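First the structure, in the form of structure tokens, and then the observations on it.
Derivation of every value follows stated rules applied to the coordinates shown; laboratory data play no part. Predicted model, so just to flag it, every value in this text is computed and none were measured. Cβ coordinates were reconstructed from backbone atoms using ideal geometry, including for glycine residues, and neighbour counts include every protein chain displayed.
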Amino acid sequence: MSALLPALSVLFAVLATAVPWGLPADATFVLPLVVVMMVFCWRALPGATLSPTVAMLLGLLTDVMSGGPLGFWALLSLIASGAGTRARPLGEGGEMSLLWLVWIVLAVGLTAFGWLLASLYFLRWVDWWPIAFSAVVSMALFPIVLHGVIWIGRGRLGPSRSATYRGRA
């Protein structure tokens, strides 16, 4: 796998945050949270080479593309990057359901922290519903995003071809 592949796939997701999808107002945080989820997945899977610096820069680009406060998604991406590094043993062991559970806990923590951070930034209590809704949607989308990241990394979802087919001697 190329060292550039994880960064390019997250960059594609960042660019998708700027597309006018026509999503309802409650879903404004879903696409940027998918970017953070992809950072987590790339850092949790073995062999992935997405550095925390690249994750932060892609988070900054997400801030610019989504029109959010500068540094908001960059900080959340850095936190997800660190959590993904700590969850790497689960990814190496193939424990995808445990990785999903880690994301659920992380998504709850990130959204609570993000809500507090946004409230501090705007010096008032911001509406919590869009952030909570996005967290729930990200929890539901996690298996799809994880399998997509695995597919990008391997080029397919199943086991490696060498494990399935043996060459003739």
Using only Cα atoms and rounding to the nearest 10 degrees, what angle (0 to 90) does helix 72-86 make with the longest principal axis of the chain? 30
Work out how far the C-alpha atoms of the stretch 56-129 reach from end to end along every principal axis, then list the three figures in whole Å, largest first. 43, 25, 16
Per residue, the convex hull enclosing the Cα atoms of the stretch 11-64 spans a volume in Å³ of 73
When Asp127, Asp63 are ordered from fewest to most other Cβ atoms inside 10 Å of their Cβ, what list results? Asp127, Asp63
If one takes the longest principal axis of the Cα atoms in the chain, at what angle in degrees, from 0 to 90 and to the nearest 10, does the Cα axis of helix 5-16 lie? 40
If the only charges are +1 at each Lys and Arg Cβ and -1 at each Asp and Glu Cβ, what is the size of the charge dipole of the chain around the Cα centre, to the nearest 20 debye? 740
note: the chain, Cα-Cα separations exceeding 21 Å make up a percent value of 46
Could you please rank Leu98, Leu8, Leu76, placing first whichever residue has the fewest other Cβ atoms within 10 Å of its Cβ? Leu8, Leu98, Leu76
Each residue of the stretch 44-55 in order: what ³J(HN,Hα) in whole Hz does its phi give by Karplus 6.51 cos²θ - 1.76 cosθ + 1.60, θ = phi - 60°, with x for Gly and Pro? 7, 8, x, x, 7, 10, 7, 7, x, 5, 5, 4
